[in-house]
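First comes the structure, then the notes that go with it.
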Amino acid sequence: MTLKYLLLLFITTLLASCASTTQQAKQPNIILIMADDIGVEGIGCYGGLSYKTPEIDKLAKQGVRFEHAYAQPLCTNTRLQLMTGLYNHRNWKYFGILPPKEKTIGHYMQEAGYKTCMVGKWQLQSYDPPDYPGSEKRRGTGMHPEKAGFDEYSLFHSLHTEDKGSRYAKPKYLQNGKIVEKTINEYGPDMWVNYIDKFIDENAETEQPFFIYYAMALPHWPVQPTPHSKDWQKKELRLNEDNKYFKDMAEYMDYCVGKVVKKVDSKGLGEETLIIFYSDNGTHLDVTSKTINGDVAGGKARPTNAGTHVPLIARWTGKINPSVSNELTDSTDLLPTCVDVAGSKVDKPIDGISFYPNLLDTNAKLKDHIYCFYDPRPGWDKDQFIRHVFARNKRWKLYENGKLYDIQNDALEKKPILKANDSTTTKIIRQELTTVLEDMKKPLK
């Protein structure tokens with residue numbers, strides 16, 4: 001009897017241990033939301049005053065808000081880094097092109113056992129219009145969304161540029177291999193949030209975790225009415241362009257984020273789902289926003305803080321404590337973070353590192369510096385830009401041309417510090433950041 005009892009006790013304990021391990025190892029759902037063209041000055045919890053963003057502000061109160069998150073100055077540059085975890089100098093070919101041999105965040109999440117979905121904006125397969133010089137060498141050379149690691153997708157600007165149609169009123173998009181364009185009374189961002197809601201409903205009760213990448217269209221140009229705008233009631237005005245609608249668009253962006261979060265919570269998935277909110281670059285140059293520190297002009301396409309300093313917020317109910325992180329991070333870090341949270345590993349060298357440890361403990365150290373290789377050429381309408389390469393930490397920024405800036409005291413970069421004028425402090429900083437610039441020229445190991 002004693003032997004049987006001990007054997008039974010051993011089996012029971014073993015089964016309980018296995019069950020506990022399985023429960024602990026259960027992979028969380030992950031929803032990555034990236035806004036299109038809004039810097040920190042456009043968000044209330046970062047000190048913005050021009051637009052009401054209660055849903056994003058609430059997300060920040062419930063999670064971790066990063067004070068030093070950065071992106072590339074333009075959308076495709078950031079999207080390529082997010083998708084691959086690599087800085088642009090390693091795999092940039094043309095604007096609007098994701099090299100088809102790259103391994104994406106979608107591929108990694110599928111390998112980790114996730115059901116994957118992407119909605120919103122693609123712009124990584126074919127960008128140049130047919131009459132643009134050199135376009136015959138570039139058109140259609142990127143990655144089609146069906147090969148990017150997503151089981152389901154509903155995406156604007158997923159084919160040739162001239163075929164993209166509208167992203168807002170009467171939208172046109174590619175959904176799981178089929179063009180959808182009979183949408184005369186629809187609004188693109190609503191269609192994509194509804195698709196996300198449906199995807200969550202269908203996958204909420206399954207054993208397989210899900211990964212959703214919501215690449216928002218809002219509040220990117222064209223600046224047009226939203227369904228919350230007074231002018232939306234007049235169908236002939238729905239495609240009207242006027243900067244007066246930017247406030248409506250920024251606030252509708254917040255509304256869409258809120259709908260996704262509310263769907264997660266309504267399904268009881270808050271404790272099983274990591275939600276990340278980020279932006280691809282700064283606010284459009286034509287937009288000036290009020291903040292607690294004064295007016296801030298948008299800096300999209302420029303390498304200054306106004307073009308690169310973006311919101312980054314992460315919420316995982318019951319898993320991460322509400323806090324503020326002062327650690328450095330950028331778009332290359334999103335892929336390794338999601339893979340880390342999934343309990344998997346990146347199987348090749350990349351530039352990004354996981355900020356998951358910082359979500360669990362904001363005292364955990366991440367990067368001492370970040371790097372930027374910004375050259376959106378070649379591509380239609382991109383000849384207007386020039387190349388900028390720099391390395392920076394939280395305060396100091398060094399360009400490859402030798403100009404050093406004290407960003408903390410010179411955010412608009414009006415007072416370059418040249419090598420001949422270095423102080424003891426700036427000499428040390430210059431040496432540190434020069435080493436970063438030189439190291440980035442070397443192959444990854």
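Descriptive notes on the structure:
Condition check ((1) more than 30 Å from residue 342 (Cα to Cα); (2) among the aromatic types (Phe, Trp, Tyr); (3) out of contact with any strand residue (DSSP E or B) (no Cβ under 9 Å at 6 or more places or on another chain)) across all residues:
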site	(1), (2), (3)
276	no, no, no
283	yes, no, no
291	yes, no, no
294	yes, no, yes
308	no, no, no
316	no, yes, no
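- The stretch 158-180 - residue that is crowded, with 17+ Cβ neighbours inside 10 Å and among the charged types (D, E, K, R) and, of those, modelled with the lowest pLDDT: 164
- Subset of the stretch 367-419 [part of a loop (DSSP other than H, G, I, E, B), without any contact (Cβ under 8 Å) to a residue 40 or more places away in the chain and hydrophobic (A, V, I, L, M, F, W, C)]: 386, 418
- Screening the stretch 249-329 for strands (runs of 3 or more DSSP E) wholly inside it with 2 or more residues that are among the aromatic types (Phe, Trp, Tyr) returns the ranges 273-279.
- Residue in the stretch 121-133 that is surrounded by 14 or more Cβ atoms within 10 Å (Cβ to Cβ) and over 22 Å from the mean Cα position of the chain (by Cα) present: yes
- Selection within the stretch 156-190 - within 18 Å of residue 213 (Cα to Cα) and among the charged types (D, E, K, R): 167, 190
- Here 195, 168 are screened, and the one residue that is more than 30 Å from residue 343 (Cα to Cα), in contact with a Ser or Thr (Cβ under 8 Å, 6 or more places away or on another chain) and touching a residue at least 12 places away in the same chain (Cβ under 8 Å) is 168.
- Candidate set: the stretch 234-248, residues that are in a helix (DSSP H, G or I) and closer than 26 Å to residue 310 by Cα; chosen: the one farthest from the chain's Cα centre (by Cα): 244
The values are calculated or read from the model by the stated rules, or taken from the named source; none is laboratory data. These numbers come from a predicted model, not from an experiment. Cβ sites come from the backbone with ideal geometry, for glycine too, and all protein chains shown count toward neighbours.
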